[in-house]
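Here is the structure we will look at, set down as structure tokens.
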Amino acid sequence: MFERCHSTLEIAHLLRDLYGLPVRLLAGRPMVTTGSVLGAIVMPPELGREVLASLGHAQAAPVVADPGERSWTFLVTPPIPTRPVEVSVRHRLAGHHVTVVPGGHHILLPTTDSPQGRHWANEPASGPLHMPPRQAVLDTVHQITTQPATP
């Protein structure tokens, strides 16, 4: 998808035009800022795959994988009105290496299709940006992480 882009500015325009992402360049890198329009939840890829499968097609989330796929970042719709995640929930999530990114933080976006760089683990659909609600992803994480292990 990025093969026709010759600069990060072209990549930012592509991401904005193709997916409706509110992209800005920061130090020459395409990124979005968490806040009232977009939220983010970071988790290990193994858990992320299960969450994506459980969410299904109807609530598919755009997911950014970092280089080497050490973590996945789910882009989500924040709650309205904006409210922080309860401390007890954050502690439970932390036990599974899941972090809800607070507002005002920058999320770097893909600039390559290669797994050696930041890339889409789950590419958003073209057109207006659709993201699952933050709570739907958190509920899915809770459901998966509280299920008894299968033998």
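Can you tell me which residues in the range 22-67 are of a type in the set (Asp, Glu) and in a loop (DSSP other than H, G, I, E, B)?
Of all residues in the range 22-67, those of a type in the set (Asp, Glu) come to 46, 50, 66.
Listed by number, the list holds a single entry, 66.
Pairing each residue of the range 83-95 that is at pLDDT below 95 with any residue that is hydrophobic (A, V, I, L, M, F, W, C) and surrounded by 10 or more Cβ atoms within 10 Å (Cβ to Cβ), provided the two are 6+ apart or on different chains, yields C-beta distances under 6 Å for 85/100. When restricted to residues that are closer than 13 Å to residue 135 by Cβ and either assigned to a loop (DSSP other than H, G, I, E, B) or touching an Asp or Glu at 6+ places or on another chain (Cβ under 6 Å) (or both), the range 68-80 contains 3. Determine if the range 49-64 includes at least one residue that is surrounded by fewer than 15 Cβ atoms within 10 Å (Cβ to Cβ), within 17 Å of residue 117 (Cβ to Cβ) and modelled with pLDDT under 95. Checked against the condition, which is being surrounded by fewer than 15 Cβ atoms within 10 Å (Cβ to Cβ), within 17 Å of residue 117 (Cβ to Cβ) and modelled with pLDDT under 95, the range 49-64 yields no hits at all.
Each row is one residue, and each column tells you yes or no for (1) of a type in the set (S, T, N, Q); (2) in contact with a helix residue (DSSP H, G or I) (Cβ under 9 Å, 6 or more places away or on another chain); (3) surrounded by fewer than 16 Cβ atoms within 10 Å (Cβ to Cβ).
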position	(1), (2), (3)
14	no, no, no
28	no, yes, yes
36	yes, no, yes
44	no, no, yes
71	yes, yes, no
98	no, yes, no
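The values are calculated or read from the model by the stated rules, or taken from the named source; none is laboratory data. Not measured: the values here are computed from a predicted model. Reconstructed Cβ throughout: ideal geometry from the backbone, glycine too, with neighbour counts over all protein chains shown.
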